1. Output the number of the condition that residue 42 fails; it satisfies all remaining conditions of (1) touching a Ser or Thr at 6+ places or on another chain (Cβ under 9 Å); (2) modelled with pLDDT under 95.
2. Within the stretch 69-79, identify whether any single residue is charged (D, E, K, R) and in a loop (DSSP other than H, G, I, E, B), and answer yes or no.
3. For the list (1) touching a residue at least 24 places away in the same chain (Cβ under 8 Å); (2) surrounded by fewer than 14 Cβ atoms within 10 Å (Cβ to Cβ), I need the number of the one condition that residue 92 fails.
4. Within the stretch 109-152, how many residues are outside any helix (DSSP H, G or I), without any contact (Cβ under 8 Å) to a residue 40 or more places away in the chain and closer than 17 Å to residue 11 by Cβ?
5. Among the residues of the stretch 58-93, which ones are among the aromatic types (Phe, Trp, Tyr) and farther than 18 Å from residue 14 by Cβ?
6. Just for the stretch 167-187: of the residues that are part of a loop (DSSP other than H, G, I, E, B) and touching a helix residue (DSSP H, G or I) at 6+ places or on another chain (Cβ under 7 Å), which one is surrounded by the fewest Cβ atoms within 10 Å (Cβ to Cβ)?
7. Looking only at the stretch 120-138, which residues are buried (at least 20 other Cβ atoms within 10 Å of the Cβ) and hydrophobic (A, V, I, L, M, F, W, C)?
Amino acid sequence: MSKLYIRVISDVVCPWCFIGKRRLERALRMLPEGIATEVHWAPFQLNPGMPPEGIARMQYRTAKFGSLERSRQLDLQVARAGAEEEINFAFDRISRTPNTFRAHRLIRLGTLEGVGNTVVEGLFRAYFVDAADVGDPDVLTVVASEAGIDASRARHFLEGEDGAAEVCAEEEEIRRLGVTGVPLFVIDDRFQISGAQPSEILVETLLRAGQNIGWPSNPLRMPASRRLTKISGEDRGRVAGER
């Protein structure tokens, strides 16, 4: 049976991307045994013009949303959604909004080393749960080491320019396709799901896409009334996050 390719376009400072990761993981567990998938994490910087050292999160959020109170209201909404996925967002302890380019380069290194998903998980947890600065090479080196990458190799990679051109090229390609927000799940280059949709929606879309590559028809007997989410251009921007 053929493998289904899932491209997840995300940024490590997007809380809905972390929630979407959890929902995708649940969806993959819901698939019948023997169904093969491969997940690729693709780069998208919500703040491509962010200074390399980042800025104070309070300053950034106040400028973006108009007031600190509005920022806190949005954080509370996300925290409630995260709690349903057993994510304990530590928004009150996050002091900086970082530049995420190095983090995306580390994800590329993780992918080359076969631990891309583990690196992504480590970055999300470092930023949203441990309130660490994922723009800091020291923090990134720890994430890499905990994912099984040799710390000295990770440090050398991050201090140089390895992977930079490739990350830039992939992100430029994504933006040329009209992507303006994340998370965006691209399944077999046929179906797109915008936002952290429920796992059931992801499962149905995976199964529908899988039929195009020889998967059995509707093996889970998903209700026909379930709405398949397929993204139009105007829908892609309807996401929330640290933009």
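The values are calculated or read from the model by the stated rules, or taken from the named source; none is laboratory data. None of these values were measured; they are calculated from a predicted model. Using ideal geometry, Cβ is built from the backbone for each residue, glycine included, and neighbour counts are taken over all protein chains shown.
1. Result: residue 42 passes all but (2).
2. No: the stretch 69-79 contains no residue that is charged (D, E, K, R) and in a loop (DSSP other than H, G, I, E, B).
3. Here residue 92 meets the rest and fails (1).
4. Selection size over the stretch 109-152: 2.
5. Those that are among the aromatic types (Phe, Trp, Tyr) and farther than 18 Å from residue 14 by Cβ: none in the stretch 58-93.
6. 178
7. If the condition is that a residue be buried (at least 20 other Cβ atoms within 10 Å of the Cβ) and hydrophobic (A, V, I, L, M, F, W, C), then 120, 123, 124, 126, 128, 132, 134 are the ones that fit.
So that you can scan it fast, the table gives a plain yes or no per residue for (1) more than 16 Å from the chain's Cα centre (by Cα); (2) more than 25 Å from residue 202 (Cβ to Cβ); (3) among the acidic types (Asp, Glu):
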{"residue": "101", "(1), (2), (3)": "no, yes, no"}
{"residue": "119", "(1), (2), (3)": "no, no, no"}
{"residue": "127", "(1), (2), (3)": "no, no, no"}
{"residue": "166", "(1), (2), (3)": "yes, yes, yes"}
